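A.B. asks: Here's a structure for you.
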Amino acid sequence: MNNLNDDYLWDKTGEPDPEIQQLEQVLGTLRYQPRTLDIPAGLAPVQKRAFFPRLLAIAATIAIMLFGLGLWLSMHRQQRTEVTKVPNKTTTTGSDVGTVVIPDVGEDLGPVSPTDSGTQPIHPVNHGAPTHYVARKARRHGVATPELAASEIKEAEAAKEQLMIALRVASSKLSFAQKKAQEINSENLTHNQHKIG
Amino acid sequence: MKSLFQKSLKTIALASLVVLSATATAFAQNPRIETNQLDALSAKASQTVDVNIDERLIGLAAKFLGKDDEEKKVKEIVAGLKGIYVKSFEFEKEGEYSATDLESIRSQLRNTAWNKIVNINSKKDGSVEVYLMSNATQISGLAVLASDLKEITVVNIIGNVDLEKLSQLEGQFGIPELGIESKPKRKN
């Protein structure tokens, strides 16, 4: 191996090296040996897929979509029914509220306070009104509420009514304070004028 | 080592004091009045008004305001508000509520953040106290405590209450005249 003839390694023309020949014999058993492919008799070639399963898949997808649509519609209808069946409550704001006894917002009542408000109980707008009615009313009010759900519309109307009640009470108390302050001022002024006179 | 420990202790104590005072200040400057203690009165009351509208509900209600000019004005007024809370109890008989009930509200309004702007005491018509909480630029809260022999009312409005705009509401939607007049312009 020391005096290697490169020609043998290159194109097997030179003097062969015994070690290389031995290696060739050992490794030669592993060399590629072309042979024909033996297909087992039991293995049949795969047939082209039938058209039917593809149709079945499409049909199943449509069926699932229809089922989902039906489920959504029934839930939507149920929700609308629940909105319609909402029982009358005195208020719909954040906390539990007792009997609110202030007349309806739409009425022109003049000075209003809880004291002189009469005895008719307050009803939030559209108790038990169907959703489409509420939505129609919202549209009639010129309010763009396409993004509001039916429950939100009801909540908003109730909140609006509550807001007006709160403003009424607040303004009546402020008005009373203002009038009293003016009375006291005028009395003092008259008193001072008498003193000077 | 002892000196280091003492220094650390002092620092911790000082930091705690700062945190406590900051918390106390923040609490004191909260325009929300606690009125839940009055809820027990509803059992005795012949009429009760309890309105709790937070910022979300105001926003929601505001979507339904704007039908006409008046509602637009209301919308403008409530736009700066973060909450409107009203509690009012009317009784059949006198003496159904105690001075403690009033004091529980008044004590909250006694801190420096609130300024009593009106105090009416009338034997015939009862008393009304109006408080404002404001910072350098704007009002952050309004509180009204009204009482007579058969009635107690607490109004608490959170946010920038525009009194001038509020005065424009007078007589609309059955809202009575507030009598709040804008200041006359001074002539030079």
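A.B. asks: So which residues in segment B:82-126 are under 14 Å from the mean Cα position of the chain (by Cα), among the aliphatic types (A, V, I, L, M) and at pLDDT below 90, if there are any at all?
C.D. replies: Passing the criteria: B:113, B:117, B:118.
A.B. asks: Another question, if that's okay. Any residue at all in segment B:73-84 that is facing chain A (nearest Cβ under 8 Å) and part of a strand (DSSP E or B)?
C.D. replies: Yes; the residues of segment B:73-84 include at least one that is facing chain A (nearest Cβ under 8 Å) and part of a strand (DSSP E or B).
A.B. asks: If you check B:72, B:116, B:93, which single one turns out to be surrounded by 14 or more Cβ atoms within 10 Å (Cβ to Cβ) and not polar (S, T, N, Q)? If you could, list the steps in order and put the result at the bottom.
C.D. replies: Values: B:72 fails: surrounded by 14 or more Cβ atoms within 10 Å (Cβ to Cβ); B:93 fails: surrounded by 14 or more Cβ atoms within 10 Å (Cβ to Cβ).
Selected residue: B:116, the only one of B:72, B:116, B:93 that is surrounded by 14 or more Cβ atoms within 10 Å (Cβ to Cβ) and not polar (S, T, N, Q).
A.B. asks: Is it the case that some residue within segment B:151-161 is exposed (fewer than 15 other Cβ atoms within 10 Å of the Cβ) and either modelled with pLDDT of 60 or more or within 15 Å of residue A:171 (Cα to Cα) (or both)? Before you say what the answer is, go through the steps one by one.
C.D. replies: Taking segment B:151-161 and keeping what is exposed (fewer than 15 other Cβ atoms within 10 Å of the Cβ), we get none.
No - not one qualifying residue is present in segment B:151-161.
A.B. asks: Select from segment B:38-57 the residues that are in a helix (DSSP H, G or I) and either closer than 17 Å to residue B:153 by Cβ or more than 7 Å from chain A (Cβ to nearest Cβ) (or both) and write down the one among them that is farthest from the chain's Cα centre (by Cα). Quick ask: steps written out before the conclusion?
C.D. replies: First, pick out the residues of segment B:38-57 that are in a helix (DSSP H, G or I): B:38-43, B:55-57.
Now drop any that are not either closer than 17 Å to residue B:153 by Cβ or more than 7 Å from chain A (Cβ to nearest Cβ) (or both), which leaves B:38-43, B:55-56.
Values: B:38: 15, B:39: 17, B:40: 20, B:41: 20, B:42: 20, B:43: 24, B:55: 14, B:56: 18 Å.
Out of the qualifying residues, it is B:43.
A.B. asks: Looking for something more than 8 Å from chain A (Cβ to nearest Cβ) and more than 30 Å from residue B:149 (Cα to Cα) - is there at least one such residue anywhere in segment B:90-97?
C.D. replies: Pass one, segment B:90-97, residues more than 8 Å from chain A (Cβ to nearest Cβ): B:91-97.
Add one more test, that the residue is more than 30 Å from residue B:149 (Cα to Cα), and what stays is none.
So far as segment B:90-97 goes, no, none of its residues is more than 8 Å from chain A (Cβ to nearest Cβ) and more than 30 Å from residue B:149 (Cα to Cα).
The values are calculated or read from the model by the stated rules, or taken from the named source; none is laboratory data. For clarity, every value in this text was computed on a predicted model and none was experimentally measured. Methodologically, a virtual Cβ is constructed for each residue, glycine included, from the backbone with ideal geometry; neighbour enumeration extends over all protein chains shown.
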